[in-house]
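Just below is one structure, and these are the notes that go with it.
The values are calculated or read from the model by the stated rules, or taken from the named source; none is laboratory data. Remember, predicted model here, so these are calculated numbers, not experimental data. Glycine gets a Cβ as well: all are built from the backbone with ideal geometry, and neighbour counts include every protein chain shown.
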Amino acid sequence: MTETKTVQVNRVYIKASPQAIWDAITKPEWTEKYGYGGLADFDLTPGGKHRVRPTQAFIDSGFTGDLLDGEVVEVDPPRRLVITWRLTMDPSLIAEPYTTLTYDIEETKSTGTRLTVTHDLTGAPNHAAMVAGVHEDINAGPGQNAGGGWAWVLSDLKSLLETGETVALR
């Protein structure tokens, strides 16, 4: 039996430069400010490792190890980043295979910069549910396991870059 391919695509238009969006995705001083708030570390070379370390809020909630990890597959700053990706915060997620996450950043003439996040979650149903937002709880505080998924993370990123404030409660 052939496994069904599971791919989620999320797109958002942000009034920011491609470089600003790239930095917000790859630099810990930005990644700690939006979404789930971890500290991203990237070796931005093909085959390089990446991980997200916990902020103090996560540590205070009992998450002391890396929150996610993977490998860099393709890098074309500030236009494209392809990585393998796996959440490591939960044993049921660690048991699943790495997924493939692609960030495509494209400046448009009339709508700001388009950020498309394509997540191939084939063979990882628990990851697919989480990033789809099936456990959504937008009232969770920092370091708590809100499940708003990519739509929530990208909304928070857009708000931060456009207004300097996030949607998420901090």
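Of the residues T45, T31, T6, only one is in contact with a helix residue (DSSP H, G or I) (Cβ under 9 Å, 6 or more places away or on another chain) and surrounded by fewer than 19 Cβ atoms within 10 Å (Cβ to Cβ); which? Being in contact with a helix residue (DSSP H, G or I) (Cβ under 9 Å, 6 or more places away or on another chain) and surrounded by fewer than 19 Cβ atoms within 10 Å (Cβ to Cβ) holds for just one of T45, T31, T6, which is T6.
Quick check: is even one residue across region 92-101 touching a helix residue (DSSP H, G or I) at 6+ places or on another chain (Cβ under 6 Å), touching a residue at least 12 places away in the same chain (Cβ under 8 Å) and of a type in the set (S, T, Y)? Yes, the conditions are met somewhere in region 92-101.
Take the conditions assigned to a helix (DSSP H, G or I) and either under 25 Å from G47 (Cβ atoms) or at pLDDT 90 or above (or both) and apply them to I105. Does it pass?
Here the answer is no, as I105 does not meet what is asked.
Residues in region 24-81 that are free of Cβ contacts under 8 Å to residues at least 24 places away in the same chain and in a strand (DSSP E or B): L39, A40, D41, K49, R51, V52, D69, D76. Against the test of being over 18 Å from L157 (Cα atoms) and among the hydroxyl-bearing types (S, T, Y), the options T55, T64, T26, T31 yield a single qualifying residue, T64. With the structure loaded, tell me whether V12 is in contact (Cβ under 8 Å) with a residue 40 or more places away in the chain, within 20 Å of T163 (Cα to Cα), in a strand (DSSP E or B) and not polar (S, T, N, Q) or whether it fails that test. Yes; evaluated as a whole, the condition is true for this residue.
Among residues belonging to region 62-98 that are among the hydroxyl-bearing types (S, T, Y) and loosely packed, with under 15 Cβ neighbours inside 10 Å, point out the one that is nearest to A128 (Cα to Cα). Write out each step before concluding.
Here is the first cut: in region 62-98, the ones among the hydroxyl-bearing types (S, T, Y) are 64, 84, 88, 92, 98.
In the following step, the residues that additionally are loosely packed, with under 15 Cβ neighbours inside 10 Å were identified as 64, 92.
Values: T64: 24, S92: 12 Å.
The extreme case among them is S92.
If I filter region 108-122 down to residues being touching a Phe, Trp or Tyr at 6+ places or on another chain (Cβ under 6 Å) and not in a strand (DSSP E or B), which single residue comes out as surrounded by the fewest Cβ atoms within 10 Å (Cβ to Cβ)? Among them, the one singled out is T111.
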